[in-house]
1. Among (1) of a type outside the set (Phe, Trp, Tyr); (2) closer than 19 Å to Val6 by Cα; (3) free of Cβ contacts under 8 Å to residues at least 12 places away in the same chain, where does Val36 come up short?
2. Would you say Arg26 is under 20 Å from Ser2 (Cα atoms), in contact (Cβ under 8 Å) with a residue 40 or more places away in the chain and out of contact with any Gly (no Cβ under 6 Å at 6 or more places or on another chain)?
3. Let me spell it out: the conditions are (1) under 26 Å from Glu104 (Cα atoms); (2) out of contact with any Phe, Trp or Tyr (no Cβ under 9 Å at 6 or more places or on another chain), and His28 meets all of them except one. Which number is the exception?
4. Taking segment 81-119 as the search range and keeping residues that are among the polar types (S, T, N, Q) and not in a helix (DSSP H, G or I), which one is surrounded by the fewest Cβ atoms within 10 Å (Cβ to Cβ)?
5. Just wondering, is there one or more residues in segment 24-42 that are surrounded by 17 or more Cβ atoms within 10 Å (Cβ to Cβ) and assigned to a helix (DSSP H, G or I)?
Amino acid sequence: MSKPLVVYHYPTCGTCRKAVQWLRSRGHELELRHIVETPPSAEELSKLIPLSGLPIQKWFNVSGEVYKELSLKDKLPSMTEEEKIKLLASNGKLIKRPVIYNDEQATVGFREEELSKVW
């Protein structure tokens, strides 16, 4: 039996609920984690970001309030990868959601056509 997919989500987020429903409808067993109460650690993010194949910028929730409050659009370009990872780990609201992963791959956000290629 395969291990459940880990899904970092925000229960009140409509996109997250759709993603969870979509994954379950395809028979995936899920381990749900509340992204704000228990955000992924910097160490975990350091493993997940390369698994996603995406640049770290794609992991930021650019439409979120916290992103805007911190003026990250202006600050991110001058930050190091390590600083960005620490920042993401410090506040789950900064992370684009949902984050879905297993030992081989990770995805961020919910676009059905992209997820169907992976999951």
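1. Here Val36 clears every test but (3).
2. yes
3. Evaluating His28 over (1) under 26 Å from Glu104 (Cα atoms); (2) out of contact with any Phe, Trp or Tyr (no Cβ under 9 Å at 6 or more places or on another chain) leaves (2) as the failure.
4. Gln105
5. Looking through segment 24-42, none of the residues is surrounded by 17 or more Cβ atoms within 10 Å (Cβ to Cβ) and assigned to a helix (DSSP H, G or I).
Residue-by-condition table, conditions (1) without any contact (Cβ under 8 Å) to a residue 24 or more places away in the chain; (2) assigned to a helix (DSSP H, G or I); (3) under 25 Å from Val118 (Cα atoms); (4) under 14 Å from the mean Cα position of the chain (by Cα):
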site: Val7; (1), (2), (3), (4): no, no, yes, yes
site: Thr15; (1), (2), (3), (4): no, yes, yes, yes
site: Leu45; (1), (2), (3), (4): no, yes, yes, yes
site: Leu54; (1), (2), (3), (4): no, no, yes, yes
site: Val66; (1), (2), (3), (4): no, yes, no, no
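FYI, it's all coordinate maths here, none of it is from the lab. No experiment lies behind these values; they were computed from the predicted model shown. All Cβ positions, glycine included, derive from the backbone under ideal geometry; neighbour counts span all protein chains shown.
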